[in-house]
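The values are calculated or read from the model by the stated rules, or taken from the named source; none is laboratory data. Just so we're clear, the structure is a prediction, and the values are computed from it rather than from any experiment. All Cβ positions, even for glycine, are placed from backbone atoms using ideal geometry, and neighbour counts span all protein chains on display. The accessibility values were calculated without ligands, DNA or RNA, using every heavy atom of the protein model including side chains. Shrake-Rupley method; radii C 1.70, N 1.55, O 1.52, S 1.80 Å.
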Amino acid sequence: MKKLLYLLVLVPMVSQAQLKGILNQAKDKVKTATGTGGVDIAGGLREALQKGVNTQVTKLTAVDGFLKNDKVKILFPDELKKVETTLRKAGLGKLADDGVKALNRAAEDAVKEATPIFVDAIRKMTITDAKNILMGKNDAATQYLSTSTRTALYAKFSPIVQASLGKVGADQIWATIISKYNKVPLVTKVNPDITDYVTNKALEGVFVMIALEELNIRQRLDARTSPLLKKVFAMQDPK
């Protein structure tokens, strides 16, 4: 009985010791990140974020950048899926498809305005920010960029989305669809502002794609395409 109790006590002690060792190892990697080391980390993270913007966000600005990318394609709002089903059952599938296409075209237009905002946020990254990001979660850099830019991006995207929807009359089409839907008894009311919906979906899509590139750089050596990226991200690789 005493042996059993001893083993039960020992197991968590060993686990805690192992955990402490892992944490200390991570701290040791960034202890030297002062002076030149800190500058390297900040420079590497800036380069990684810029790579994410250049590689992934640029793809979203092309024709069908959203529409033909299943990770970010903007569909009918969840609350309006019944409307879409009804249109298709009534032989109006093309109308539904055109509505979806208009949403995605508006997002593609808006994202073209994102790069200067990202560049400014990346430039303002501090050494402390960079250290926290490097040893953070796999999307820590993306989350930093999201926190730093989301408000500015929304303000930039929204009028572009609204203008793009207006060019094809989609704003009026969607306003009519949503208004009629909301008048149906016992249904959950939906946001009648399709511009807000598309703007937020465009923002989600941008950060989904940046996160993919960040994960790629963190996990794959061949994605670290410069000496600085190789040097900096080697710090977070398991030994």
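When you check Asn104 against the structure, is it assigned to a loop (DSSP other than H, G, I, E, B), modelled with pLDDT of 90 or more and in contact with a Leu (Cβ under 8 Å, 6 or more places away or on another chain), yes or no? Criteria not met by Asn104. Against the test of being touching a Phe, Trp or Tyr at 6+ places or on another chain (Cβ under 9 Å), over 30 Å from Asp171 (Cβ atoms) and either touching a residue at least 24 places away in the same chain (Cβ under 8 Å) or hydroxyl-bearing (Ser, Thr, Tyr) (or both), the options Ile217, Ile210 yield a single qualifying residue, Ile217. Of all residues in the stretch 57-66, those being open to solvent by less than 30 Å² (accessible area, probe 1.4 Å) and either without any contact (Cβ under 8 Å) to a residue 24 or more places away in the chain or assigned to a loop (DSSP other than H, G, I, E, B) (or both) number 2.
Does Ala96 qualify as being more than 23 Å from Asp139 (Cα to Cα), at pLDDT 90 or above and in a helix (DSSP H, G or I)? Full working, then the answer.
On the way: more than 23 Å from Asp139 (Cα to Cα): yes; at pLDDT 90 or above: no; in a helix (DSSP H, G or I): yes.
So Ala96 does not fit the description; no.
Checked against the criterion of being polar (S, T, N, Q), within 13 Å of Leu45 (Cα to Cα) and in contact with an Asp or Glu (Cβ under 8 Å, 6 or more places away or on another chain), the candidates Thr142, Thr128 yield just one match: Thr142.
Which members of the stretch 93-120 meet the condition of being among the hydrophobic types (A, V, I, L, M, F, W, C) and either touching a residue at least 60 places away in the same chain (Cβ under 8 Å) or farther than 16 Å from Arg46 by Cα (or both)? The answer is Leu95, Ala96, Val100, Ala102, Leu103, Ala106, Ala107, Ala110, Val111, Ala114, Phe118, Val119.
Asp78: farther than 22 Å from Ala155 by Cα, without any contact (Cβ under 8 Å) to a residue 12 or more places away in the chain and within 15 Å of the chain's Cα centre (by Cα), yes or no? In short, no. Residue-level check: of (1) of a type in the set (A, V, I, L, M, F, W, C); (2) at pLDDT below 90; (3) farther than 18 Å from Gly43 by Cα; (4) surrounded by 13 or more Cβ atoms within 10 Å (Cβ to Cβ), Leu228 misses just (3). Being crowded, with 18+ Cβ neighbours inside 10 Å and in contact with a Ser or Thr (Cβ under 6 Å, 6 or more places away or on another chain): is that true of Asp109 here? Considered against the rule, which asks whether it is crowded, with 18+ Cβ neighbours inside 10 Å and in contact with a Ser or Thr (Cβ under 6 Å, 6 or more places away or on another chain), Asp109 comes out as yes. In summary, helices (runs of 4 or more DSSP H) completely within the stretch 127-218 and bearing 3 or more residues that are of a type outside the set (Asp, Glu), modelled with pLDDT of 85 or more and buried (at least 19 other Cβ atoms within 10 Å of the Cβ) occur at 127-134, 140-167.
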